[in-house]
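Colleague: One structure, as C-alpha cells, below. Some questions next.
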Amino acid sequence: MSLLQISEPGESPEPHQRRLAVGIDLGTTHSLVATVRSSAAECLPDARGRVLLPSVVRYGPAGEVDVGYDALALAADDPANTIASVKRFMGRGVADVAKYGALPYHFVDAPGMVAIETAAGLRSPVQVSAEILKALRARAEESLGGEIAGAVVTVPAYFDDSQRQATKDAARIAGLNVLRLLNEPTAAAIAYGLDNASEGTFAIFDLGGGTFDLSILRLTRGVFEVLATSGDSALGGDDFDQAIAMHWRVAHGLVDASGRDTRRLLAAAREAKERLSADEAADAQVTLTWGQQLHLRLTRREFEEITAPLIQKTLGPTRKALRDAGLAVEGIDGVVLVGGATRMPHLQRAVASFFKREPLVNLDPEQVVALGAAVQAHALAGNRAAGEDWLLLDVIPLSLGLETMGGLVEKVIPRNSTIPVARAQEFTTFKDGQTAMAIHVVQGERELVSDCRSLARFELRGIPPMVAGAARIAVTFQVDADGLLSVSARETTTGIGASVVVKPSYGLTDDQVATMLRDGFDHAQADRDARALAEQRVEADGLAAALRAALELDGDLLSVGERAALDAGMASLAAAREGPDHRALKSAVEALNRASEAFAARRMDRSVSRALAGRRLDEVPTK
Amino acid sequence: MTPEFSRNHFELLGLPVSYTVDAAALDSAYRELQGRVHPDRFASASEAERRVAMQWATRANEAYRTLRNPIDRARYLLALKGYDTGEESNTSMPPDFLMQQMEWRESVEGGRARRDAGALEALRREIEASRAEMHALLARALGGDRNYDAGCSLVRKLRFLDKIEAEIDEALEAILEGAAAPRPARHVKGTA
C-alpha cells in the first residue's frame, strides 16, 4: 500500500509563497550549499563559479576573518591563525586532537572541547565552523535573493552526541534555523535514490576529508530506511595526505619540521594524492622556511603501499554495518561512493572487491551530500509538492548507556535504533537511606565506562530514604529526530521523588553559546533587539497560522472552555506581536505552545484513529 | 506532557493481537503510521505539535521494533496476557536443554581457539535450525494451545540462543579482524 498523503499542519497559508531552504554539507576540507530550484537540486556557486568552499578560516591580526579560498591562500604563511579541518575538533578534547599528529595550532584545553588561540583571541571550533556556515549563508542569500528560512546541515553518521550538538550550535551562531541535522550518507542516498527512483538495499561508502561512514539503507516505495550505520569519525582523506607528508619527512630527515613547513608538505602531499588518481607518479617542489629546496617524488605504487593500512581500516566498520543489518554482501543491490577521497583508484578497487560489484559513481561524490540535504530542506520547509512524498527513517550510530557499579556500562539504547527513540531503565539504591544518585551518561560500544565517551553527569536528589534496593529510579533516554539526546530521571515508588531532565553538554553552556551568538553580530543593542523581534514575529506568525488551520479542521475536539482559552492565548499573542518587546512576544509564543499541547495530542490521536479505521474498511481481514 | 496511549502495539499498527504476524503487513502498517506521525511531517508546525509528533514517532518505532522481533513479540504478547517471562529471575531449564547449552558453548570456544570459521558457521546453522523449531512451538503455544507457561519457557530458551549466536558472531569477527589486521602504521604516526 502506498503512503497516504496528508497536508503539512504548519503549511504556509499561502501555498505559492515558497520558503527559501538550503542544504549545507559542512565538510572537513570543503563545504557546499545547495537548494532546490524548479524541482531540481543544485549546488550554489560563488561569484567566480566555484561550488566548493574550502573549510578554512583565517583570523587576521587586524581582526579580519577570511573564509574559503582567501584563507587557504594564507594557510602556508600564517598556519597558526589559519584553521583547516576544524570539523575534526568539534566536540573534542585535547586528548582527542593529539591523535591527529603534528598540527600547527595553539590548542588550549577547555572543559569538554578544545579551543584554539588565534590572532583574534581564543576561538572554539564551534565559532570557527560558524564562520564557514555564515559564508555559505551569505552566498545562498545573495544567490536566492532573500532570507533563508531554514537549513538542513549534514553531519557524519558516526558523529556522537557532542559532535552533533556542537554542529547545531555552530549553525545557530551563524544565524541559521536548523530544520534538521541529517546524516551525510543518508543525504547521499536521498539524492541518489530520488534521482534514479531506485528500490532495493544500498551501501553508502562515504570517505570524506576527515570522516568515514558506511550506511546501509533500504529504499521501498518512498521510504528511506537506514538499517545500520558504522564508521570512524577520525578517518578520512586528510589521513592519506598526512601519510604522504610523513613518508617524505622520514625520507628527507625532516622530523622536526615547523608548523609552516608541515603545512607546505601537506599541501604538496594533497596535490600529489590527487594527481596519482590519474598519473603513475607525482613530483613536487617545496621550499622550506630556511630556503632549502626539496624535490619530492611519489609513485602510485609507493602511495598505495603506505596507505594500504588506511584502506584496510575502512573494512572493519563496513563488515560491522553489514552484520548489524543482518546482511551478507550478496544482499546489497548497489554501492554508492561519496566523498572526494573515494576518487582514489586503489580505494575503488578495494570497495569493488569487498562488495563483489562495481560501485556507482554517477553523481558527483563531492556534491551528492549537499544535494540530498537540499532536497530534505525543501521538503521540511513545507515546499513539498503533491507526489513528492517520501519519508526518511534514520538511526543512532552509537549505543547510549549509563555507568553502573564498577565502572561498567549498562546499555539503554542500542546502536542502530531507529530515531526518534526512547527507552527507560530502572536502577536502585546501593546503601540504606541513600537520598541522591549520581547518573553518568555515556556513548559507545565498549563495556567499560573509561572506553566510552562521557556525555553528561548529573545528580538526582531528594530520593526518599529507604532501605538499599527499595527505591526505583527510572532513567529515561529520549533521542530526537536529529539524533540528539535528553535524559530524565525519576523515583517511581513514591511518585513524589525528584525528577531531572538534562541535555548532555560538551563543555559549552547555553550562556556561552548565547554570548557567542551575540558576538557574532557586530550590531548595537538596538539592532540586536530589532533582529530578535523580527525573528520572534516570524515564530509568532507561524504558530498563529498553524493553530488557526488546526482549529478550523479539528476545533470540534475542544470544549467551549478550552476553545475560549486558546482564543484568548491567540489574542494575547496578536497583542504582543504589535508591541516592541521581543521578550514579551517570546513568552506569549511559549504560553500558547503550552496551552495548545493537549489539543495537538488529540489531533494526532484523531489522525491515527482515522487511518486505522480507514484501513479496516479497506482490507479484508486475513484471519 | 505524555499523551495517553491506550492502544497496545498491535492495535497501534492495526494488526490482530497474535504471535503470528504477516511481516509485509507489519512493514507497510509501520511505514504508513510513520508517514502520518513522523516529526519530519511537522517541521514547520508549532512546537506543541512537533513535540507530540516526536512522542508518537517514538511510540511507532517501539511498537515496530517489538513486533518485528519474534522473541520481543512473544514476550510482549505474554505480558499482555499477564505472564512474566522471568528471563532475569527464572534460570531453571530442562536438563536436556542444559546439556545442549553446554555442548554449544564448548563448540564456540573450540572454534574460536582453533580459529575455525567453518566450524563456527556450521554451528550457527545448527542453532538456526533449532531456533526455527522453537518458533514453531511458540506459535502453537501462543496460538491454538494458549499454553502461556510453555510460551514463557520457550522465550527463555530462545533468549539463550540469541546469546550464543552473538558469541559466534564475536568469535567470527575476531578471526576476520585477525586475518585482516593492518601492518604496523609506521608512516602515519604523528609526532605531536
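The values are calculated or read from the model by the stated rules, or taken from the named source; none is laboratory data. Bear in mind the structure is a predicted one, so any value in this text is a computation, not a measurement. No Cβ is skipped: glycine too gets one built from the backbone with ideal geometry, and neighbour counts run over all protein chains shown.
Residues checked against (1) in contact with a Leu (Cβ under 9 Å, 6 or more places away or on another chain); (2) surrounded by 20 or more Cβ atoms within 10 Å (Cβ to Cβ):
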{"position": "A:451", "(1), (2)": "no, no"}
{"position": "A:471", "(1), (2)": "no, yes"}
{"position": "A:479", "(1), (2)": "yes, yes"}
{"position": "A:486", "(1), (2)": "no, no"}
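Colleague: Then there's this: Any idea which of (1) touching a Lys or Arg at 6+ places or on another chain (Cβ under 8 Å); (2) at the interface with another protein chain (Cβ under 9 Å from one of its Cβ atoms); (3) not in a helix (DSSP H, G or I) is the one residue B:85 doesn't satisfy?
Modeller: (2)
Colleague: If you go through the stretch A:352-369 one residue at a time, do you hit one that is surrounded by 21 or more Cβ atoms within 10 Å (Cβ to Cβ), more than 10 Å from chain B (Cβ to nearest Cβ) and over 30 Å from residue A:268 (Cβ atoms)?
Modeller: Within the stretch A:352-369, not a single residue is surrounded by 21 or more Cβ atoms within 10 Å (Cβ to Cβ), more than 10 Å from chain B (Cβ to nearest Cβ) and over 30 Å from residue A:268 (Cβ atoms).
Colleague: Would you mind finding the one in B:172, B:123 that is at pLDDT 90 or above and either farther than 30 Å from residue A:234 by Cα or buried (at least 17 other Cβ atoms within 10 Å of the Cβ) (or both)? Explain how you work it out, then say what you get.
Modeller: Numbers: B:172 fails: at pLDDT 90 or above.
The unique qualifying residue is B:123.
Colleague: Next up: Over 15 Å from residue A:206 (Cβ atoms), hydrophobic (A, V, I, L, M, F, W, C) and at pLDDT 90 or above, is that true of residue A:347? First the steps, then the outcome.
Modeller: Working: over 15 Å from residue A:206 (Cβ atoms): no; hydrophobic (A, V, I, L, M, F, W, C): yes; at pLDDT 90 or above: yes.
Taking the combined requirement at face value, the residue does not satisfy it.
Colleague: Tally the residues that are of a type in the set (Asp, Glu) and more than 14 Å from residue A:124 (Cα to Cα), restricting the search to the stretch A:169-185. Steps first, please.
Modeller: Initial filter on the stretch A:169-185 (of a type in the set (Asp, Glu)): A:169, A:184.
Checking which are more than 14 Å from residue A:124 (Cα to Cα) leaves us with A:184.
Residues in the stretch A:169-185 being of a type in the set (Asp, Glu) and more than 14 Å from residue A:124 (Cα to Cα): 1 in total.
Colleague: Turning to a different aspect of this structure: Which of the residues belonging to the stretch B:126-171 are among the acidic types (Asp, Glu) and part of a helix (DSSP H, G or I)? I'd like the intermediate steps shown before the answer.
Modeller: Taking the stretch B:126-171 and keeping what is among the acidic types (Asp, Glu), we get B:126, B:128, B:133, B:145, B:149, B:162, B:165, B:167, B:169-170.
Result: B:126, B:128, B:133, B:149, B:162, B:165, B:167, B:169, B:170.
Colleague: Can you pull out the residues in the stretch A:285-311 that are of a type in the set (Gly, Ala, Ser) and modelled with pLDDT of 90 or more?
Modeller: Step one: filter the stretch A:285-311 for residues of a type in the set (Gly, Ala, Ser), giving A:291, A:308.
Once the filter is applied, which keeps residues that are of a type in the set (Gly, Ala, Ser) and modelled with pLDDT of 90 or more, the stretch A:285-311 yields only A:308.
Colleague: Pick out the one residue from B:22, B:27 that is within 7 Å of chain A (Cβ to nearest Cβ), within 26 Å of residue B:134 (Cα to Cα) and of a type outside the set (Gly, Ala, Ser). Walk me through it before giving the result.
Modeller: Details: B:27 fails: within 7 Å of chain A (Cβ to nearest Cβ).
The conditions single out B:22.
Colleague: Counting only residues that are under 17 Å from residue A:60 (Cα atoms) and aromatic (Phe, Trp, Tyr), how many does the stretch A:77-119 have?
Modeller: 1
Colleague: Would a scan of the stretch B:34-45 turn up a residue that is under 30 Å from residue A:378 (Cα atoms), part of a loop (DSSP other than H, G, I, E, B), facing chain A (nearest Cβ under 8 Å) and of a type in the set (S, T, N, Q)? Give the steps one after another, and end with the answer.
Modeller: Here is the first cut: in the stretch B:34-45, the residues under 30 Å from residue A:378 (Cα atoms) are B:34-45.
Narrowing the set further to residues that are part of a loop (DSSP other than H, G, I, E, B) leaves B:38, B:43-45.
Add one more test, that the residue is facing chain A (nearest Cβ under 8 Å), and what stays is B:38, B:43-45.
Add one more test, that the residue is of a type in the set (S, T, N, Q), and what stays is B:44.
Checked against the condition, which is being under 30 Å from residue A:378 (Cα atoms), part of a loop (DSSP other than H, G, I, E, B), facing chain A (nearest Cβ under 8 Å) and of a type in the set (S, T, N, Q), the stretch B:34-45 yields at least one hit.
Colleague: If we keep just the residues of the stretch A:317-334 that are loosely packed, with under 15 Cβ neighbours inside 10 Å and out of contact with any Ser or Thr (no Cβ under 8 Å at 6 or more places or on another chain), which is nearest to residue A:212 (Cα to Cα)?
Modeller: Only one residue tops the list, namely A:329.
Colleague: Something else: Can you say whether residue A:406 is within 30 Å of residue A:428 (Cβ to Cβ) and either within 13 Å of chain B (Cβ to nearest Cβ) or in a helix (DSSP H, G or I) (or both), as far as the supplied structure shows?
Modeller: For residue A:406, the condition - within 30 Å of residue A:428 (Cβ to Cβ) and either within 13 Å of chain B (Cβ to nearest Cβ) or in a helix (DSSP H, G or I) (or both) - is met.
Colleague: Turning to a different aspect of this structure: Which is within 30 Å of residue A:415 (Cα to Cα), without any contact (Cβ under 8 Å) to a residue 24 or more places away in the chain and among the aliphatic types (A, V, I, L, M), of A:278, A:321, A:328? Step through it out loud before you land on a result.
Modeller: Numbers: A:278 fails: within 30 Å of residue A:415 (Cα to Cα); A:321 fails: without any contact (Cβ under 8 Å) to a residue 24 or more places away in the chain.
Testing whether each residue is within 30 Å of residue A:415 (Cα to Cα), without any contact (Cβ under 8 Å) to a residue 24 or more places away in the chain and among the aliphatic types (A, V, I, L, M) leaves just A:328.
Colleague: Just one of the numbered conditions (1) in contact (Cβ under 8 Å) with a residue 60 or more places away in the chain; (2) within 30 Å of residue A:152 (Cα to Cα) is not true of residue B:76; which one?
Modeller: (2)
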